[in-house]
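> Mind having a look at this structure? Questions to follow.
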Amino acid sequence: MKIDSEEKLLQQIYRQNFILTIIYLLISLWWSSLSVTLSVLAGSLIAISSYSWLQGILKTVLEQAGGHPGRKFRWHYGFRIVALGLVLFLLFFYAKVNAIALCLGLSVVVLSIMIGILRFAIPAGR
């Protein structure tokens with residue numbers, strides 16, 4: 001069974017998410033602050049779970065031939081955004097996370113996608 005290049009890219013991005021999370025956590029330990037480290041971890045986990053959730057929604061909607069896939073996608077996407085907003089609200093107002101460290105953790109998926117696309121677009125021999 002041959003894995004196509006797009007599926008390989010998705011697997012690579014998924015692995016890079018966890019590698020970057022570990023790197024971010026190691027860097028955050030340099031500050032010697034549990035709040036910073038936990039904020040980076042929380043942001044990373046939120047970003048990775050949101051990315052996985054969106055990927056699952058897209059696969060489900062695209063595999064369904066009948067019905068109204070656009071409407072179903074919008075409903076799931078809206079629910080996901082509300083859930084993420086609620087989680088971030090709870091983290092900011094009740095857990096008192098470090099905002100900068102949380103944003104750094106949230107950037108894990110964006111950085112993974114950029115690295116993955118660059119590695120995908122630039123042939124290995126150049």
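> So LEU90 fits all but one of (1) farther than 16 Å from VAL40 by Cα; (2) free of Cβ contacts under 8 Å to residues at least 12 places away in the same chain; what number is the exception?
(1)
> Let me ask another. Only one of ILE115, ILE81 is in a helix (DSSP H, G or I), of a type in the set (Val, Ile, Thr), modelled with pLDDT of 85 or more and within 26 Å of SER5 (Cα to Cα); which?
ILE115
> State all residues of region 65-78 that are among the small types (Gly, Ala, Ser) and part of a helix (DSSP H, G or I); if no residue qualifies, say none.
GLY70, GLY78
> Out of the residues in region 60-97 that are among the basic types (Lys, Arg) and surrounded by 11 or more Cβ atoms within 10 Å (Cβ to Cβ), which is nearest to the chain's Cα centre (by Cα)?
That would be ARG80.
> Sticking with this structure for a sec: Quickly run through region 26-64 and pick out the residues that are at pLDDT below 85 and assigned to a loop (DSSP other than H, G, I, E, B).
If the condition is that a residue be at pLDDT below 85 and assigned to a loop (DSSP other than H, G, I, E, B), then SER32, GLN64 are the ones that fit.
The values are calculated or read from the model by the stated rules, or taken from the named source; none is laboratory data. As the structure is a prediction and not an experimental result, all values here were calculated from the model. In this analysis, Cβ positions are derived from the backbone assuming ideal geometry, glycine residues included, and neighbour counts consider all displayed protein chains.
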